[in-house]
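Trainee: Supplied in structure tokens, the structure appears directly below.
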Amino acid sequence: MPDPAVNDLAFSVRGLTKVYATAAGPVHALRGVDLDVRRGETLVLLGPSGSGKSTLLNILGGLDRASDGAAIFQGQDLTRDSDKALTAYRRDSVGFIFQFFNLVPSLTARENVALITELARRPMTPEDALARVGLSDRLDHFPAQLSGGQQQRVAVARAIAKRPQILLCDEPTGSLDSESGVQVLQALRDVSRAEAATTLIVSHNADFAAMADRVIRFRDGAITDIAVNPHPVEPREMRL
């Protein structure tokens with residue numbers, strides 16, 4: 001019989017290594033990382049710049065390839081997939097949220113989200129996705145008519161509109177003030193819970209740990225600590 005513990009995993013990472021060739025010599029971005037990620041959990045990845053956390057996120061998102069090791073997503077080894085298979089994986093299973101919103105300035109909030117829903121297999125409507133992040137009254141506003149926090153919430157709506165199994169967030173509040181950052185994190189928490197999405201958030205801000213199920217700390221391309229948070233709090237209760 002299948003191992004239920006294995007079936008409960010979103011990702012199983014073993015010996016994951018990433019080496020970049022530079023003029024100054026090889027740079028070891030990841031050094032044999034091992035990590036299991038359970039379905040539906042929220043992880044916060046902390047560490048200084050260059051510690052490997054964003055590199056791990058990019059490999060798990062199918063945006064970069066490992067030099068060695070394995071990253072298994074529900075039986076699919078992302079480190080050995082073809083480019084075509086990785087494209088399908090990104091399209092069908094992963095929602096990305098980055099520090100910069102990357103909205104199309106000439107399109108409304110509704111139209112920016114529709115760019116994704118037109119490609120997805122089982123999407124929400126743009127209106128539903130924007131309602132999930134509290135922007136029902138901003139459907140026809142252009143990015144220039146929205147605050148930074150509202151633009152990032154449009155980016156969250158765009159990411160979750162295709163109902164991804166995985167949400168990967170790289171410094172999602174890095175360009176926002178504290179109040180807007182809390183609103184974005186709360187939107188992420190609400191939609192990931194509603195969709196039972198596995199969520200990984202990369203940040204420099206140690207305060208993010210309060211909202212995580214587990215906190216993964218990185219240094220020099222390796223995981224130095226994994227801490228379970230027995231009582232995750234709502235972002236609205238956090239002080240950033």
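Values quoted throughout were computed directly from the atomic coordinates according to the rules given, and no laboratory measurement underlies them. What you see is a predicted model, and the numbers here were worked out from it, not measured in a lab. Neighbour counts run over all protein chains shown; Cβ positions are idealised from the backbone, glycine included.
Trainee: If the cut-off is 20 Å between C-alpha atoms, which lysines fall inside it for Lys18, apart from same-chain ones fewer than 8 positions away?
Mentor: Correct list for Lys18: Lys53.
Trainee: Additional query: List, in order, the whole-Hz ³J(HN,Hα) value for each residue of the stretch 13-25 obtained from phi through the Karplus relation with A = 6.51, B = -1.76, C = 1.60 and θ = phi - 60°; use x for Gly and Pro.
Mentor: 10, 9, x, 6, 10, 9, 10, 9, 8, 10, 4, 8, x
Trainee: To the nearest whole percent, what portion of all C-alpha pairs in the chain is separated by more than 26 angstrom?
Mentor: Every Cα pair in the chain considered, those over 26 Å come to 38 percent.
Trainee: Show me the trypsin sites (Lys or Arg not before Pro) within the stretch 203-240 that DSSP assigns to loop and that have at most 13 other Cβ atoms within 10 Å of their Cβ.
Mentor: Filter output for the stretch 203-240: Arg239.
Trainee: Return Ser178, Ser192 ranked ascending by Cβ neighbour count within 10 Å, so the fewest neighbours appear first.
Mentor: Final ranking by Cβ density, sparse to dense: Ser178, Ser192.
Trainee: Here's another thing I want to ask about it. Show the residues, 5+ positions off or on another chain, whose built amide H is closer than 5 Å to the amide H of Leu9.
Mentor: Arg39
Trainee: Among Leu130, Leu9, Leu115, what is the fewest-to-most ranking by other Cβ atoms within 10 Å? Show your work: numbers first, answer last.
Mentor: Values: Leu130 25, Leu9 18, Leu115 14.
Ordered from fewest to most neighbouring Cβ atoms within 10 Å, Leu130, Leu9, Leu115 come out as Leu115, Leu9, Leu130.
Trainee: Pick from Asp225, Asp64, Asp170 the residue whose mean-square fluctuation is largest in a GNM of the chain, springs joining Cα atoms under 10 Å.
Mentor: Among Asp225, Asp64, Asp170, the largest GNM mean-square fluctuation belongs to Asp225.
Trainee: Here's a follow-up. Looking at the chain as a GNM with Cα springs under 10 Å, which of Lys53, Lys162, Lys84 has the largest mean-square fluctuation?
Mentor: In this elastic network of the chain, the residue with the biggest mean-square fluctuation among Lys53, Lys162, Lys84 is Lys84.
Trainee: What ranking of Thr42, Thr224 emerges when the number of other C-beta atoms within 10 Å of each C-beta is taken as an exposure proxy, fewest first?
Mentor: With the sparsest Cβ surroundings first, the list reads Thr224, Thr42.
Trainee: Hey, can you grab everything whose amide H is under 5 Å from the amide H of Phe218? Only 5+ residues off in sequence or another chain; H modelled, so Pro and N-termini drop out.
Mentor: Long-range HN contacts for Phe218: Leu46, Gly47, Thr224.
Trainee: Take the stretch 124-222, compute every pairwise Cα distance, and split them into 5 Å bins from 0; I just need the percent in each bin.
Mentor: Pairs per bin, as whole percents: 2, 12, 24, 24, 19, 11, 5, 2, 1.
Trainee: For the stretch 6-85, what does the alpha-carbon gyration tensor say about shape, rounded, prolate or oblate, given a ≥ b ≥ c as the root eigenvalues, a/c under 1.5 as rounded, and a/b over b/c as prolate?
Mentor: Since a/c reaches 1.5 but b/c is at least a/b, the shape of the stretch 6-85 is classed as oblate.
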